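A.B. asks: Input: one structure, supplied below.
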Amino acid sequence: MSSTISAEDIACIVSQTLQQYNPSKGFTFRSPAVTVTGPHCVNQLGEILKEFGARHVLLVVDKMVHQLGLVAGCETAIKIAGLGLTVFKDVEGEPDTAMITKGVAALKASGADFVVGVGGGSALDAAKGIAVLGDYQGPLVEFKAGGLASRTVGLGAIPTTAGTGSEATDITVIKDLANNIKVPIKGACLVPDFALLDPALMLGVPSSITAATGVDTLTHAIEAYVSRQTNPLSQAYAYHSMEMLVKALPIAVGCGEDMDMRYDMSIAAYKAGLAFSNAGLGLAHAIAHQIGAFYNIPHGVANAILLPYVMAFNSLCCEPAYAELAGALNVNRESMTQRERCNAAIKAVRQIVIDLGLPTTLVDFDVAKRDFAGIAERAMQDICLIGNPRQVSASQIVALLEQALSGELPLGDC
Ligand SMILES: [Fe+2]
């Protein structure tokens, strides 16, 4: 009997394998190809860029970050490596279409083949927009970010705050000035080629911003952990992000010069970014985007207010997952029932917000109940709602906003 396998047999095996592939049982996970971390690791920037074959670099930086001198190390490292350098320092506030157009012009004029964002989430999002939008002239809402090959320049990210996780994600948000809307753009080409996490760049971040951006990280981790689109890798990153954050964030807020805690927060933010980039977010972000725009509430503060109410709402569908998170949040007790662990996790999140001096209600933000229906309608259209574990209606979002205004968290005594 012959032991050879015919070409027909192989074709049959391949065909069966393809038919049996079940996408719901698999997932794709994307992350930067290279991650460099540690105090003063910015000194390695030139060598990293050379590894990627860069010849001329466009640094896209926050104006304030540049004025504070935080980009000097990056500039020096690039020059020592013998690479060309152009600095685009017109990032002020969140990126919009005018800023991106200006940045694309700077990219073309410089002939740079690598874009590196340095700053908070706005600078990193601007760098991503400049790197991928290029000659695109159409409406921003119709722009489709493609795969890795659709970006013709390299992309690096150096965060100076620990929060948005943009250095890890496949997302950027650009404001379309023509239509006065923020447009989220998602695609594999938006994942940076490298992320460089240097906590020395974060030592001077004011405590209030450290607190708000830190709770943004916590919200990323919790929403990614329970997302409908979550996966085992995202859950692992999210859980460990929370474990690091509960220890590091209070000290980073109370003693901003603590390099170890700044380092841990840089890693926690990165892990949470990896988690949600590959798993999606949820209702807290869907509402936070709206109240942030409507009442000019900083993103991290909006999440800090909303997260406990959203967790209480979602607990109907994800009590076991929240109960697991009681361990990461360090409030797990062996004698507790699952319901008690779940509620303990929600209360722990609210206590973190209180301890950090962030608001727990909307009461100080000059909000009006008559606005809530419109805000709810917009939240229903937000892309982040796709990941939320519990289905939600506009009237339920209005009820959540009313809870957030009154400050009454609907949990039992346990
Ligand atoms: Fe966020």
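A.B. asks: If a residue must be touching an Asp or Glu at 6+ places or on another chain (Cβ under 6 Å), more than 16 Å from the ligand (Cβ to nearest atom) and in contact (Cβ under 8 Å) with a residue 60 or more places away in the chain, how many such residues does segment 300-347 contain?
C.D. replies: Number satisfying all stated conditions: 1.
A.B. asks: Still on this structure, please answer the following. Which pairs turn up if I take residues in segment 187-207 that are in the same structural domain as Ile78 (by TED's automatic domain parsing) and aromatic (Phe, Trp, Tyr) and look for partners that are assigned to a loop (DSSP other than H, G, I, E, B) and surrounded by fewer than 22 Cβ atoms within 10 Å (Cβ to Cβ) with beta carbon separation below 7 Å, at least 6 apart in sequence or on another chain?
C.D. replies: Note: pairs meeting the criteria are Phe194/Pro32; Phe194/Ala33.
A.B. asks: Taking segment 256-287 as the search range and keeping residues that are aliphatic (A, V, I, L, M) and free of Cβ contacts under 8 Å to residues at least 60 places away in the same chain, which one is farthest from the ligand (Cβ to nearest atom)?
C.D. replies: Restricting to residues being aliphatic (A, V, I, L, M) and free of Cβ contacts under 8 Å to residues at least 60 places away in the same chain, the top hit is Met261.
A.B. asks: Exactly one condition in (1) closer than 22 Å to Leu196 by Cα; (2) more than 16 Å from the ligand (Cβ to nearest atom) is not met by Ala238; state its number.
C.D. replies: (2)
Here is a yes/no grid of residues against (1) open to solvent by less than 10 Å² (accessible area, probe 1.4 Å); (2) not in a loop (DSSP other than H, G, I, E, B):
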site	(1), (2)
Leu196	yes, yes
Thr213	no, yes
His220	yes, yes
Tyr225	no, yes
Val253	no, yes
Ala268	yes, yes
Leu281	no, no
His285	yes, yes
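A.B. asks: If Ile297 meets every condition in (1) touching a residue at least 60 places away in the same chain (Cβ under 8 Å); (2) in a helix (DSSP H, G or I); (3) within 16 Å of the ligand (Cβ to nearest atom); (4) surrounded by fewer than 24 Cβ atoms within 10 Å (Cβ to Cβ) apart from one, which number is that one?
C.D. replies: Condition not satisfied by Ile297: (2).
A.B. asks: Right, another one. Out of (1) open to solvent by less than 10 Å² (accessible area, probe 1.4 Å); (2) assigned to a strand (DSSP E or B), what's the single condition that is false for Pro192?
C.D. replies: All conditions pass for Pro192, except number (2).
A.B. asks: Does segment 158-176 hold any residues that are outside any strand (DSSP E or B) and either without any contact (Cβ under 8 Å) to a residue 40 or more places away in the chain or among the β-branched types (Val, Ile, Thr) (or both), and which are they? First the steps, then the outcome.
C.D. replies: Narrowing segment 158-176 to residues outside any strand (DSSP E or B): 160-170.
Of everything in segment 158-176, those that are outside any strand (DSSP E or B) and either without any contact (Cβ under 8 Å) to a residue 40 or more places away in the chain or among the β-branched types (Val, Ile, Thr) (or both) turn out to be Thr160, Thr161, Thr164, Thr169.
A.B. asks: OK, next. Any idea which of Leu155, Leu85 is in contact (Cβ under 8 Å) with a residue 12 or more places away in the chain, under 30 Å from Ile267 (Cβ atoms), open to solvent by 10 Å² or more (accessible area, probe 1.4 Å) and in a strand (DSSP E or B)? Step through it out loud before you land on a result.
C.D. replies: Details: Leu155 fails: open to solvent by 10 Å² or more (accessible area, probe 1.4 Å).
Unique residue meeting the criteria: Leu85.
A.B. asks: Let me ask another. Would a scan of segment 235-249 turn up a residue that is at pLDDT 95 or above, of a type in the set (Phe, Trp, Tyr), within 24 Å of Asn388 (Cα to Cα) and open to solvent by 60 Å² or more (accessible area, probe 1.4 Å)?
C.D. replies: The first filter runs over segment 235-249 and keeps only residues at pLDDT 95 or above, leaving 235-249.
Checking the rest, the ones that are also of a type in the set (Phe, Trp, Tyr) come to 237, 239.
Going one step further and asking which of them are within 24 Å of Asn388 (Cα to Cα), we end up with 237, 239.
Still in the list and also open to solvent by 60 Å² or more (accessible area, probe 1.4 Å): 237.
There is at least one residue in segment 235-249 that is at pLDDT 95 or above, of a type in the set (Phe, Trp, Tyr), within 24 Å of Asn388 (Cα to Cα) and open to solvent by 60 Å² or more (accessible area, probe 1.4 Å).
A.B. asks: Restricting attention to segment 118-126, does a residue exist that is over 24 Å from Ile185 (Cβ atoms), among the small types (Gly, Ala, Ser) and not in a helix (DSSP H, G or I)?
C.D. replies: Residues of segment 118-126 over 24 Å from Ile185 (Cβ atoms): none.
Within segment 118-126 (the criterion being over 24 Å from Ile185 (Cβ atoms), among the small types (Gly, Ala, Ser) and not in a helix (DSSP H, G or I)), the answer is no, since none of the residues qualifies.
A.B. asks: Name, by its number, the condition in (1) in contact with a Gly (Cβ under 9 Å, 6 or more places away or on another chain); (2) under 22 Å from Cys41 (Cα atoms); (3) away from the ligand (no atom under 14 Å from the Cβ); (4) not β-branched (Val, Ile, Thr) that does not hold for Met244.
C.D. replies: (1)
A.B. asks: Can Thr164 be described as closer than 24 Å to Leu201 by Cβ, assigned by TED's automatic domain parsing to the domain that holds Gly53 and modelled with pLDDT of 95 or more? Show your work before the answer.
C.D. replies: Numbers: closer than 24 Å to Leu201 by Cβ: yes; assigned by TED's automatic domain parsing to the domain that holds Gly53: yes; modelled with pLDDT of 95 or more: no.
So Thr164 does not fit the description; no.
A.B. asks: Has segment 372-382 got at least one residue that is open to solvent by less than 20 Å² (accessible area, probe 1.4 Å) and within 20 Å of Thr213 (Cβ to Cβ)?
C.D. replies: no
A.B. asks: Taking the condition surrounded by 19 or more Cβ atoms within 10 Å (Cβ to Cβ) and over 29 Å from Val173 (Cα atoms), does Val331 pass? Break it down stepwise before answering.
C.D. replies: Numbers: surrounded by 19 or more Cβ atoms within 10 Å (Cβ to Cβ): yes; over 29 Å from Val173 (Cα atoms): yes.
Yes, satisfied.
A.B. asks: While we're on this one: Can you name every residue in segment 371-405 that is more than 16 Å from His289 (Cβ to Cβ) and modelled with pLDDT under 95? Let's see the steps before the verdict.
C.D. replies: To start, the set of residues in segment 371-405 that are more than 16 Å from His289 (Cβ to Cβ) comprises 373, 389-391, 393, 395-396, 398-399, 402-403, 405.
Those that are more than 16 Å from His289 (Cβ to Cβ) and modelled with pLDDT under 95: none in segment 371-405.
The values are calculated or read from the model by the stated rules, or taken from the named source; none is laboratory data. Source: prediction; values computed, not measured. Glycine gets a Cβ as well: all are built from the backbone with ideal geometry, and neighbour counts include every protein chain shown. For accessibility, only protein heavy atoms count, side chains too; no ligands or nucleic acids. Shrake-Rupley method; radii C 1.70, N 1.55, O 1.52, S 1.80 Å.
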